[in-house]
1. Taking the chain as the reference, fit the longest principal axis to its C-alpha atoms, fit the long axis of helix 79-97 to the helix C-alpha atoms, and give the angle between the two in degrees, 0 to 90, nearest 10.
2. Just read off the accessible area of S283 with the full protein assembly in place, 1.4 Å probe, to the nearest 10 Å².
3. What GluC sites (Glu not before Pro) in the stretch 183-219 are in a loop by DSSP, with at most 15 other Cβ atoms within 10 Å of the Cβ?
4. Out of all DSSP beta bridges with both ends in the chain, state the antiparallel percent to the nearest 5.
5. Helix 325-341 versus the longest principal axis of the chain: what angle, 0 to 90°, nearest 10, using Cα atoms?
6. Could you compute how much accessible surface I161 exposes when probed at 1.4 Å, giving the result in Å² to the nearest 10?
7. For the stretch 242-358, rounded, prolate or oblate, judged on the Cα gyration tensor with a ≥ b ≥ c (square roots of eigenvalues), a/c < 1.5 rounded, else prolate if a/b > b/c?
8. Summing Lys, Arg as +1 and Asp, Glu as -1, what charge do residues with Cβ under 11 Å from the Cβ of L369 carry, L369 excluded?
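The values are calculated or read from the model by the stated rules, or taken from the named source; none is laboratory data. Values in this document were obtained by computation on a predicted structure and should not be read as measured data. When we count neighbours, we look across all protein chains shown, and the Cβ atoms used for this are built from the backbone with ideal geometry, even at glycine. Just so you know, the surface numbers come from the protein's heavy atoms only, side chains and all, with ligands and any DNA or RNA stripped out. Shrake-Rupley method; radii C 1.70, N 1.55, O 1.52, S 1.80 Å.
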Amino acid sequence: MKKRITAAGLLSLTLLSTLSHVQAASPDKYFGVIELGSKGIKAIVVEDKGRDASKAFIPPLMVEEFKPRNKNCYDGDTSDNVAKEVQGISKAMKEKYNMPLSQIYLVMSSGIPTAVKDRIDNKVTGIEVDRIDVATESRLVFQGIVPPNRLHKNEVVVLDIGSGNSKGAYIDPDGADNNTFVTFAFEKDAPSGTGTFAKEVAATKQNGESLKAVAERIAGEKLLGPLQSMIRNKPGMQNCSRLYLAGGLPYVMTTLLHPEKIGSIDPEDPTGKKTSDWVKLSSADINRFYEIATTNPAQLLSADGSKLRKEAADELDRVKGIFGQDELTAGAVLLKMFMDNMHAERKEGIFFSRRALFAWPQGYVKEKLAARP
């Protein structure tokens, strides 16, 4: 039986996988990816579909998405706790799918400081550990969420606002094909992620100062100039007609503003029947989030899910534990700065997909499998 579940559902099968299917497939067909982000841990298992009769690579089939763990690899949880969680997830993968550890990859996000990566790396055994840079992560997020019918030059720019940093990508309009990307990101020491920015604001704020005022001052002093320079050098950030959002803050914002759209009709389905994890947003949504998050963030976190479907209510409850009120305020300022300077109001559409939660792990394992002989 096939069962459809959102990306943020409980430990579940996403597109496929009954016990009989798992038992029938060869163990060497399964591959796992454990992603360590600044704010949490996510994991997926895919089935390698090999190549077709013409030897062309067939994209792997998503088999399982594990419930994200809110383990803060940046500074909230010790390396021992994080390593223990990783070992637990890898053990569950190995036992359920009978796959060797050599087919499980641990990938550390670009937003995690090197010293933290070193501590975790030293405590994880038996699993291949990889550290990807910000450009690679940006490209993988793009490849993980942008549908094939949208892979055209000047059409889609992806903005990923993570907890450790913010980055993005679009297809190079001057490239020879649609596989050449322009990526963008702030310098490593810039507080450009929701978590890093909120920490900078908290450390700077003096008694009696407004959190919103401090956040906007720091954004103006440390991020606005570099962002505007980035946009001048990478004009696709403004010129691409569609904006796809990814990362923890857009996920939380979309869920808090529109929990009723979880599992709703695909906004781009002409038949009006197909359900989807995609949510179409507007500049008004961004402005509404900014106004509430910077004046009364508790209102967002008190959203009532009692009249929602259980699937939506469960997801709404989960996102309330990801960011506190101060992080919502700081994150809203950060997001508004991006939207204003990328001229989101001029774009054909702004979209968020819950598939973005697992976007770059999917892109990562796809590249790994495509490179196999």
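1. Between the helix axis and the principal axis of the chain, the angle is about 40 degrees.
2. 40 Å²
3. Of the GluC sites (Glu not before Pro), the ones in loops of the stretch 183-219 whose Cβ has at most 15 other Cβ atoms within 10 Å are E187, E209.
4. On the way: 31 of 49 bridges.
Looking only at bridges with both residues in the chain, the antiparallel portion is about 65 percent.
5. That helix lies at roughly 80 degrees to the long axis.
6. Looks like 0 Å² after rounding.
7. Values: a/c = 1.93, a/b = 1.09, b/c = 1.77.
Note, shape of the stretch 242-358 comes out oblate.
8. On the way: positive: K29, K49, R51, K366, K368, R372; negative: E47, D48, E367.
So the surrounding residues net to +3.
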